[in-house]
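K.L.:
Take this structure, written in structure tokens, and hold onto it; I'll ask about it next.
What follows is calculated from the coordinates using simple rules that are stated; it is not laboratory data. The structure displayed is predicted, hence computed values, not measured ones. Heads up, the Cβs are rebuilt from the backbone with ideal geometry, glycines too, and the neighbour counts pull from every protein chain shown.
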Amino acid sequence: MINLPIFLSLLLLSSVYINPLVSAKQYAAIFNFGDSLVDAGNLCADGIPAYLATARLPYGMNFFGYPTGRCSDGRLVIDFLAQELGLPLLPPSKAKNATFHRGANFAITGATALDISFFEGRGLGKNIWNSGSLHTQLKWFEEMKPSICSSPQECRDLFRRSLFVVGEFGGNDYNAPIFSFRKMHEVHEIIPFVVESIMKAIEKLIAEGAIEFVVPGVLPIGCFPVYLSIFNNEQVTNYGSRSGCLKNFNTLAWVHNSMLQRAIVKLRNKYPGVRIIYADFYTPVVQFILQPEKFGFYKQTPRACCGAPGMGSYNFNLTAKCGDPGATSCADPKTHWNWDGIHLTEASYGHIAKGWLYGPYADPPILSRDREQ
């Protein structure tokens, strides 16, 4: 029998060309908020739960050589951003004996944009496991401030020279009704609340002095083996003819991303001195599937690099997930875009990070000319 709260908690390359102009406008620090797509070890900081497969090999097999709490075979997109911008890898905010003067990673696996009370009010409390929502992470940020700056003005000066990455958020929020098998229109009804929560978080950080943000959208979840396996009895017409992805789940992600982008435009107008970048997870993943050779990936239907045979040909099995007994890793994760049926490979994150930094996967790119002006 599936332990749904634990399962939901998991739902959640080559080097990039170095721009010689970066040093002229270097960020003092990066502060990152999010879920398992960018968790660098917060879930494991107070000890590794026995059930946590993501804290076992082959997680972390590349680059680190051992599991770090990252839900990938190696680095995440936030790691590539930090390295490219000349900063150390961000320590998890819960790490012991760490210094956070160059930034911190508040992300934690299972995080939602909305607090648990929202889901409890809709009868979804038992089907979501939230280890630190977006606004809980903001509280952690507030509690950290005395350790990184000695006065409110010093904090504001630091934050004005820092990059704040807020997300991805939304994936775990939607998983609560999706894996409770609610109707899709009920899932769509949550979108405005999720987007509003993200906007409120950005405004709180603006009040702290932050002026540069990266706000990622959600993934095309209909392309991921976990959804393709669980909802494998869908009619043929519900699958994309070229991608093999479930169209209704990708529509959900597209609507979220469109609403998020519209909200970002409104916030830009409200705060003209603040730079807010929309970062795209959706487009590159679709391209990984439709044009895999362009990125060095094998051409195949959506398939997990690390997993075990299950329903269909997706190499995803709820009883033998990556890191569990019975699961194995593909020989070369660099040739796969999908790591464990739920998350991406290091190679994928590297391509996405490059697109966020220089285009075309960000509006505007992090290192675009408008920052130099």
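K.L.:
Whole-Å semi-axes of segment 25-71's equivalent ellipsoid, largest first, each the root of 5 times a Cα gyration tensor eigenvalue?
P.N.:
23, 14, 8
K.L.:
Mind pulling up the Rg/Rh value for segment 51-99? Radius of gyration and Kirkwood radius, both on Cα. Numbers along the way, then the final one.
P.N.:
Details: Rg = 11.5 Å, Rh = 11.6 Å.
Ratio value, two decimals: 0.99.
K.L.:
A follow-up question, please. If you wrap segment 151-238's Cα atoms in a convex hull and average its projection over all directions, what's the area in nm²?
P.N.:
7.3
K.L.:
Please report the orientation-averaged projected area of segment 29-165, defined via the convex hull of its C-alpha atoms, in nm².
P.N.:
Average projection, Cα convex hull of segment 29-165: 9.0 nm².
K.L.:
Output ³J(HN,Hα) for segment 251-261: one whole-Hz value per residue in order, computed from phi by the Karplus curve 6.51 cos²θ - 1.76 cosθ + 1.60 with θ = phi - 60°, and x for Gly and Pro.
P.N.:
5, 4, 5, 5, 5, 4, 5, 5, 5, 5, 5
K.L.:
Right, here's the next one. In the chain, what percentage of the DSSP-assigned beta bridges are antiparallel, given to the nearest 5?
P.N.:
25
K.L.:
If you average 1/r across every pair of different Cα atoms in segment 120-171 and take the reciprocal, what Kirkwood value do you get, in Å?
P.N.:
13.5
K.L.:
Take the alpha carbon atoms of segment 213-272, find their radius of gyration, then divide it by 2.2 N^0.38 Å using N residues; give the quotient.
P.N.:
On the way: Rg = 15.1 Å, N = 60, 2.2 N^0.38 = 10.4 Å.
So the Cα radius of gyration is 1.45 times the expected 2.2 N^0.38 Å.
K.L.:
Quick check on the exposure proxy: order Asp35, Asp46, Asp157 from fewest to most C-beta atoms within 10 angstrom.
P.N.:
Working: Asp35 30, Asp46 9, Asp157 14.
With the fewest neighbours first, Asp35, Asp46, Asp157 line up as Asp46, Asp157, Asp35.
K.L.:
Now a separate question. Would you compute, for the Cα atoms of segment 217-373, the largest minus smallest coordinate along each principal axis and list the three values in descending order, in whole Å?
P.N.:
The Cα atoms of segment 217-373 stretch 53, 33, 27 Å along their principal axes.
K.L.:
Too long at a 24 Å Cα-Cα cut-off: which of Lys145/Lys204; Lys183/Lys247; Lys94/Lys270?
P.N.:
Lys94/Lys270, as the Cα separations exceed 24 Å there.
K.L.:
Now for a different question. Roughly what percent of Cα-Cα pairs across segment 176-299 reach past 23 Å?
P.N.:
43
K.L.:
Using packing as a proxy for protection, rank 222-228, 236-242 so that the peptide with the highest average count of other Cβ atoms within 10 Å comes first. It would help to have the intermediate numbers written out before the result.
P.N.:
Numbers: 222-228: 25.4, 236-242: 10.9.
With the highest mean Cβ count within 10 Å placed first, the list reads 222-228, 236-242.
K.L.:
May I ask you to give the average projected area over all directions of the convex hull of the Cα atoms of the chain, in nm² rounded to one decimal?
P.N.:
17.5
K.L.:
Follow-up. For segment 301-372, what is the per residue volume of the convex hull drawn over the alpha-carbon atoms, in cubic angstrom?
P.N.:
Considering the Cα atoms of segment 301-372, their hull volume per residue is 100 Å³.
K.L.:
Let me ask something else about it. In vacuum, with every alpha carbon of segment 153-195 counted as one equal point scatterer, what does the Debye formula give for log10 I(q)/I(0) at q = 0.32 Å⁻¹? Two decimals, please.
P.N.:
One equal scatterer on each Cα of segment 153-195 leads to -1.07.
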